[in-house]
1. Can you find even one residue in the range 515-524 that is surrounded by fewer than 22 Cβ atoms within 10 Å (Cβ to Cβ), β-branched (Val, Ile, Thr) and either assigned by TED's automatic domain parsing to the domain that holds Tyr553 or closer than 21 Å to Pro373 by Cα (or both)?
2. Of everything in the range 155-190, what is under 22 Å from Arg136 (Cβ atoms), in contact with a strand residue (DSSP E or B) (Cβ under 8 Å, 6 or more places away or on another chain), part of a helix (DSSP H, G or I) and not small (Gly, Ala, Ser)? Give them in sequence order.
3. Just one of Ile532, Ile495, Ile484 is of a type in the set (A, V, I, L, M) and in a loop (DSSP other than H, G, I, E, B); which is it?
4. Do we find a residue being buried (at least 19 other Cβ atoms within 10 Å of the Cβ) and more than 25 Å from the chain's Cα centre (by Cα) anywhere in the range 306-321?
5. Looking at this structure, is Val336 closer than 30 Å to Tyr436 by Cα and not in a helix (DSSP H, G or I)?
6. Condition (residue is in the same structural domain as Asp375 (by TED's automatic domain parsing) and more than 21 Å from Leu568 (Cβ to Cβ)) applied to the range 409-424: is it met by at least one residue?
7. So Ser597 passes all but one of these: (1) surrounded by fewer than 23 Cβ atoms within 10 Å (Cβ to Cβ); (2) farther than 25 Å from Ser120 by Cβ. Which condition number does it fail?
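The values are calculated or read from the model by the stated rules, or taken from the named source; none is laboratory data. If you're wondering where the values come from, they're calculated on a predicted model, not measured in any experiment. Here the Cβ positions follow ideal geometry from the backbone for every residue, glycine too, while neighbour counts run over all protein chains shown.
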Amino acid sequence: MRRILWLVASALMALSLVMAGCAPEATTTTPATPSAPTTPTTPTAPATPTIPTAPVGKEAVKPSLETPKYGGTLNLVLSADVTRHDPIDGSTSGATINMVYENLWTGDWTKGPAGGYGTSETRWANNTIDIWEHKRGAIAESTTWTTDPQKNEGTIVYKIRQGIHWAVNPAPWAEASRTVNGRELTADDVVAHLKRATTGTTTYIYLGTPELRVAKITKTGPWKVTVSLPLDAMVSGIARFGDSTQIVAPEVVAKYGNASNWKNSVGTGAFMIADYVSGSLITLVRNPNYWDKDPIGPGKGNQLPYLGRIQYIILPDASTRLAALRTAKIDLMAGVQSEDADQIRKTTPSLKELELGTGSGIDGAAMRVDIPPFDDIRVRRAMLMAIDFKAISDSVFGGKGWILAYPWDYAKEYSDLYIELDDPEMPESTRELYTYNPEKAKQLLKEAGYPNGLKTTALITSASVDEFAIYKDMWAKVGIEVTIDIRETAAVNNIRTAGQHPPLGARDRVPPATFFRPAVFDESPTSNPSRIKDPVLNEMLVKLRLTAVTESYSAAVKEAKQLTKYVLGQAFQVPGEIGPSYTMWWPWLRNYSGEQSVGYYDAIWPQWVWYDEALKKSIGY
């Protein structure tokens, strides 16, 4: 289906090309409490760019006066088997981890729609939302930090919540649960887990944020954990220790070495694993001793969760997943592409939906700025001007493509991070990069010493073949001849790591929540294929990291807009585009408004929703 789509897209773009040819020093403490870490800042709606329109949600949430009911089975779908059960290991997928384990802090449900009773400062519809002003305490009742710029150090203090107990799983195979025996979670548990996260050589924290390996983690009170870090690492520590380290009981690690076996999953979360049939079905059941309460709406004060059971049905085939949604075998589906959503609306009009701007995407192109020909900014500018971004948006995304999804993907909550084409601050020299101008591209190539064009090679995986076929055709029209070298992902990464990759390749997409330390600008040749080492850019990153911890996260986001403007002007990479996708669900899933992650990759929304069996029956299912 995808290849057919691209064939159609290519034909449409060919037509469009013909038409175009005719035409401070202070100590700061920032709290993160269950109610409100700081005074919330409502994200500003993004300005409407000339090309294209910013993606937005489609419907307001109408509050329900009905009292939530307990019970019911929520049926969700996965496209692949779950191979990760230990939250400390970031190498593979693990859909159930957030249901079983908990972070120190997480997203504040009341800052989203919350069944029509929340503030809707965020939609919680994107996995990568990590606005600190939208956080609340989880295992840590509060999170505070202080900084000392003169000593170049900072301190994070977690006040661990009392009264949280490890879940007691009654399943006969749950030996690990019986080992922990439902005892109360302690500050010692948190210290042991954070030390494991920063010293284990295969952990997500160790590999993804090496600056945190030097963290000093100590218990400084009966319910207090203190982390000391260099100042420049503070922003990473607050973000990753807070919302990327679901706590595992130390007894499990001591007895089994890790929690990678699903039968050893023992957490403090709202659900427990009841059964797992590899490649088929994962069943979770309600944790009756979960500590948290419903914070808002008609169910305020109720014990969470409402659902009695969650079933993850594993369906690798895309058409089978869509059929399961239409026939109510599953209750919701995220990431539904535009063409599929159109068909579903015709056959199943009862479904509710939320439109997102962070779904389907096409890869951009990374140019090595450390070697010819792309060490010359004139050549890089020519590469962009040779691309008809509007044609791609119109033909592939129905005019809804989001072009300026670089250096980070677009998310509504991070609107202050972006600068639009029609923004008065956008330099004209940058704006023209996104206007199709093959003649100017040829002129730039001539000025750079390539009057007859140039030849180069692109190293990509099969996932980028369709996109680069389009780019290759457009570049050829200005005399840039690209040879495409297709390799397996592992081979591409190995070649990148060795620094032997050719001048051109696919661009990695970057979530906006990592704006303070984006991988595409770090020292890793795997994640920074363009080999960008820019002193101006590095200085900007150091400054905004300091702003995040001495002023506020939101202030750092606004400050990063200048970084965005600078990066766009340097034409380091050809940005890809993203188009809308949809979350679609049946109306009997109550208190739900399209949420996907309440926090940073923290898919815990099922603990607040409830299942209306009577409504489901009345609809005929």
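1. Checked against the condition, which is being surrounded by fewer than 22 Cβ atoms within 10 Å (Cβ to Cβ), β-branched (Val, Ile, Thr) and either assigned by TED's automatic domain parsing to the domain that holds Tyr553 or closer than 21 Å to Pro373 by Cα (or both), the range 515-524 yields no hits at all.
2. Val190
3. Being of a type in the set (A, V, I, L, M) and in a loop (DSSP other than H, G, I, E, B) holds for just one of Ile532, Ile495, Ile484, which is Ile532.
4. Yes, some residue in the range 306-321 is buried (at least 19 other Cβ atoms within 10 Å of the Cβ) and more than 25 Å from the chain's Cα centre (by Cα).
5. Judged against the criteria, Val336 is not a match.
6. From the range 409-424, those in the same structural domain as Asp375 (by TED's automatic domain parsing) are 409-424; that's our starting set.
Filter once more, so that each one left must be more than 21 Å from Leu568 (Cβ to Cβ): none.
No: the range 409-424 contains no residue that is in the same structural domain as Asp375 (by TED's automatic domain parsing) and more than 21 Å from Leu568 (Cβ to Cβ).
7. Exception for Ser597: condition (2).
Quick grid of which residues meet (1) farther than 21 Å from Gly107 by Cβ; (2) buried (at least 18 other Cβ atoms within 10 Å of the Cβ):
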position: Asn181; (1), (2): yes, no
position: Lys195; (1), (2): yes, no
position: Ile205; (1), (2): no, yes
position: Leu229; (1), (2): yes, yes
position: Ile238; (1), (2): no, yes
position: Phe241; (1), (2): no, yes
position: Lys255; (1), (2): yes, no
